[in-house]
Amino acid sequence: MIAKIVKGSSFKGVVNYILDREKDAKILVCDGLFAENKDTIAMSFEAQSKVNPKVTKPVGHISLAFHKEDEHRLTDRAMAGIALEYLKEMGITDTQVLIVRHFDKEHPHVHIAFNRIANNGRTISDRNERIRSARICKELTRKYGLYFANGKEQVKHHRLKEPDKTKYELYSILKSEVSRCGNWNILATNLKKQGVGMRFKYKSKSDEVQGVVFTMNGYSFSGSKIDRRFSYSKIDAALERNRHTERKEMQRPSRNEEQPTFHPESRGNDDLYNGSIGLFMSNATDSQSEENYFEEQLKRRNKKKKQRKIRF
């Protein structure tokens, strides 16, 4: 679940967009508005906004998008409930709200139009709204067991426009090359083969490297702007790990060295057979000795019994 927040000045414009028939729009929530048609809805918004004319952008527009994996679970009622809970957590309460579901894309999504002028005339705060929104989206995604997209891997590259298209191409190339290169020179060489330029940013009046910039298709991005893992310090650490791993692999003895083959001298089948016979013969001798001993003891007892009978 992700949210995109926009502020504007035209209620008529946002209402016409949200309720566009080509988007197969369906109203889920309409609170505090005269909902006879698009014009009356826009007029209701505008009437309340005039209570606080100092606010030049009274229009609030939020789109909530969900992953297509959750489509079977997101009924109209479920989406309306999540949208209202999102608004409550954002502090967007006691004001006019229009929540509309669109069916023009493969992923479920709703559009929310709200009046930034509350019912009592106060202005609904937008302080740190994007930071708060990102946190709330994550919390609601976890709460309702919704699908978590895996970052940039979920981006549909073919739908991107420049410079974002080049930025994501750089992301894919760096992800592959940084993981297998052992130093900056090798990385620069491999990137150059793929049409990517690289240069360092230095601290003012010194040779201390402060950052790295990648250039492709006429666009330049600092590494951290492509992704946090591609800042100069993090790439440098990754290259060092690669070198360390490579050294360990080189120092590790081969399998033949670790497990030398031992070839004992063959004793031959006869020796093995004879040894076995000797083992069994030893056991047999011991058993025979025990039998002889008990026989002797038995004879002695019988002899003593006979002597007693003779005496009596």
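The values are calculated or read from the model by the stated rules, or taken from the named source; none is laboratory data. Note that the structure is predicted; figures quoted are calculated from it, not measured. Don't worry about glycine lacking a Cβ; one is built from the backbone with ideal geometry, like all the others, and counts go over all protein chains shown.
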Number of the condition not met by Arg180 [criteria: (1) outside any helix (DSSP H, G or I); (2) modelled with pLDDT of 95 or more; (3) among the basic types (Lys, Arg)]: (2)
Residue within segment 38-45 that is within 13 Å of His102 (Cβ to Cβ) and at pLDDT 95 or above present: no
Asp20 being surrounded by 13 or more Cβ atoms within 10 Å (Cβ to Cβ) and at pLDDT below 95: yes
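Condition check ((1) in contact (Cβ under 8 Å) with a residue 12 or more places away in the chain; (2) surrounded by 15 or more Cβ atoms within 10 Å (Cβ to Cβ); (3) of a type in the set (Ser, Thr, Tyr); (4) under 18 Å from Thr141 (Cα atoms)) across all residues:
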| site | (1), (2), (3), (4) |
| --- | --- |
| Ile27 | yes, yes, no, no |
| Val51 | yes, yes, no, no |
| Thr56 | yes, no, yes, no |
| Ser63 | yes, yes, yes, yes |
| Phe114 | yes, yes, no, no |
Residue, farthest from Glu46 (Cα to Cα), within segment 117-134, restricted to residues that are touching a helix residue (DSSP H, G or I) at 6+ places or on another chain (Cβ under 9 Å), surrounded by fewer than 21 Cβ atoms within 10 Å (Cβ to Cβ) and not hydroxyl-bearing (Ser, Thr, Tyr): Arg132
Verdict on Asp39 being surrounded by fewer than 20 Cβ atoms within 10 Å (Cβ to Cβ), acidic (Asp, Glu) and over 33 Å from the mean Cα position of the chain (by Cα): yes
Flag if Ile99 is surrounded by 20 or more Cβ atoms within 10 Å (Cβ to Cβ), out of contact with any Ser or Thr (no Cβ under 9 Å at 6 or more places or on another chain) and over 24 Å from Ile136 (Cβ atoms): no
For Lys234: the one exception among (1) in a helix (DSSP H, G or I); (2) over 15 Å from Tyr171 (Cα atoms); (3) modelled with pLDDT of 75 or more: (2)
Qualifying residue in segment 235-247 (condition: among the hydroxyl-bearing types (Ser, Thr, Tyr), closer than 30 Å to Glu162 by Cα and without any contact (Cβ under 8 Å) to a residue 60 or more places away in the chain): no
Strands (runs of 3 or more DSSP E) completely within segment 50-141 that count 2 or more residues being at pLDDT below 95 and touching a Phe, Trp or Tyr at 6+ places or on another chain (Cβ under 9 Å): none
